[in-house]
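Data block below; observations after.
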Amino acid sequence: MQTAAKKPLDFDYATLPWLDKILREIDRYVASVETDPAAQHKLRGQLLFFMHNGYVVLERAIEPELIDAYLADVYDLFDQRCLSVMISAGYNQYSTIRDFKDKDYYRHGLRIIDFHNSSIAAKKLSLHRNLARFLGHIFREAPVVMQSLTFMKSTQQEIHQDHAYVIAETPSHLAASWIALEDIDPKSGPLMYYAGSHANPMFDWGDGMFRTANSTKNENQFAEWIHQRSKERGLPLQHHTPRKGDVLIWHGTLGHGGALATDPSLTRKSYVTHYSTMSGFTHDYRDKNMKPFAYEYNGGFVYRHPQHPEDEDFYKRGAKF
Ligand SMILES: O=C(O)CCC(=O)C(=O)O
């Protein structure tokens with residue numbers, strides 16, 4: 001018996017306009033990781049939004065209980081001051097928490113550096129399943145934590161792009177997450193960013209696209225460049241006023257900073273993680289000669305502190321989540 005030849009149910013791929021080819025690629029990928037059509041549609045929208053705007057917001061991505069456990073670890077650290085955790089109280093001012101003299105943890109711009117090494121709750125924030133999954137989608141590779149920063153108040157930091165400072169072996173493998181540890185008040189100096197600025201022309205520091213000891217340009221010129229290029233392109237400067245547990249993931253070249261706090265008494269508790277990939281960041285920035293020991297959480301990785309293994313996972317509240 002002769003069977004009718006099956007008619008194709010899609011256009012000839014070779015004839016597709018280029019944008020349709022990219023969409024087919026995204027749809028093929030989405031179908032390979034999600035089976036539910038509604039989940040496929042949602043992920044397609046998130047990936048396209050991220051591609052166009054250089055960021056995406058995952059609302060209510062983190063359970064408030066995990067955030068409370070993390071904040072309890074932070075308050076213990078402030079009280080106990082017993083670890084080698086680094087604090088930066090301003091540009092080029094670094095000390096361990098033990099040696100931090102004025103003990104004012106609520107000044108604008110103050111940051112706790114890499115507390116994820118000492119806090120299991122922080123590791124679980126950085127590599128929460130909802131974050132590790134989305135990062136895995138944008139990289140199509142396992143994400144790895146490069147660095148984390150904890151802020152109690154606004155950074156009031158000028159607009160910048162992270163790729164100039166947070167440099168992996170493969171510098172384009174860079175993204176960050178910004179977790180709201182409380183509801184963010186518009187007067188507290190929110191995170192701000194130019195949506196779409198990840199596609200701006202690159203700034204030349206005089207010696208290329210990275211800030212180095214030989215750069216002849218400074219931070220103000222970098223910020224001015226991002227403001228000007230973004231304005232020319234008609235990009236909106238947006239202020240992020242999320243609720244506790246919302247997460248914003250940004251592309252490594254998105255122009256962003258911390259707005260001035262119009263009410264300086266307000267806190268703006270937030271937790272930032274910078275990520276690369278396992279192929280793009282094979283050595284910890286704190287010891288580039290040592291092969292790092294990696295912990296796995298939800299398909300993402302985080303390196304043990306190369307100099308202070310004795311402090312690792314000192315705060316264990318996060319273990320139960
Ligand atoms: O939270 C902020 O105000 C900005 C943080 C930031 O720029 C960063 O961590 O790269």
### Task
Name, by its number, the condition in (1) of a type in the set (D, E, K, R); (2) in a strand (DSSP E or B); (3) within 24 Å of Leu77 (Cβ to Cβ) that does not hold for Arg286.
(2)
### Task
Starting from the stretch 149-170, take each residue that is outside any loop (DSSP other than H, G, I, E, B) and list its partners that are among the acidic types (Asp, Glu) and surrounded by fewer than 20 Cβ atoms within 10 Å (Cβ to Cβ), counting only C-beta distances under 8 angstrom and pairs at least six apart or across chains.
His160/Glu219
### Message
Residues that are farther than 21 Å from Leu135 by Cβ, more than 16 Å from the chain's Cα centre (by Cα) and within 16 Å of the ligand (Cβ to nearest atom): does the stretch 282-297 have at least one?
### Response
no
### Task
Only one of these is open to solvent by 10 Å² or more (accessible area, probe 1.4 Å), modelled with pLDDT of 95 or more and of a type outside the set (S, T, N, Q): His128, His160. Name it.
His160
### Task
Give the stretch 267-280 a look and list any residue that's within 16 Å of the ligand (Cβ to nearest atom) and not hydroxyl-bearing (Ser, Thr, Tyr), or say none.
Arg268, Lys269, Val272, His274
## Note on the structure
Residues of the stretch 1-26 being open to solvent by 100 Å² or more (accessible area, probe 1.4 Å) and among the charged types (D, E, K, R), in sequence order, are Lys6, Lys7
### Task
Kindly indicate which of Tyr297, Tyr275, Tyr303, Tyr271 is open to solvent by 30 Å² or more (accessible area, probe 1.4 Å) and modelled with pLDDT of 95 or more.
Tyr297
### Summary
Out of (1) away from the ligand (no atom under 16 Å from the Cβ); (2) open to solvent by 40 Å² or more (accessible area, probe 1.4 Å), the one Leu260 does not meet is (1)
### Message
If I ask for residues that are part of a strand (DSSP E or B) and of a type in the set (Gly, Ala, Ser), which ones from the stretch 214-266 would you list?
### Response
Gly257, Gly258
### Task
Mind checking which strands (runs of 3 or more DSSP E) fall wholly inside the stretch 23-116 and carry at least 2 residues that are without any contact (Cβ under 8 Å) to a residue 12 or more places away in the chain?
93-96
### Message
Among the residues that make up the stretch 135-144, is at least one of them of a type in the set (Val, Ile, Thr), within 15 Å of the ligand (Cβ to nearest atom), surrounded by 20 or more Cβ atoms within 10 Å (Cβ to Cβ) and touching a residue at least 24 places away in the same chain (Cβ under 8 Å)?
### Response
no
### Message
Looking for something open to solvent by 10 Å² or more (accessible area, probe 1.4 Å), away from the ligand (no atom under 16 Å from the Cβ) and modelled with pLDDT of 95 or more - is there at least one such residue anywhere in the stretch 180-194?
### Response
no
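The values are calculated or read from the model by the stated rules, or taken from the named source; none is laboratory data. Here the structure is a predicted model, which means the values were calculated and not measured. A quick note on method: Cβ atoms are made from the backbone with ideal geometry, for glycine too, and the neighbour counts reach across all protein chains shown. Surface areas here come from the heavy atoms of the whole protein model, side chains and all, with no ligands, DNA or RNA. Shrake-Rupley method; radii C 1.70, N 1.55, O 1.52, S 1.80 Å.
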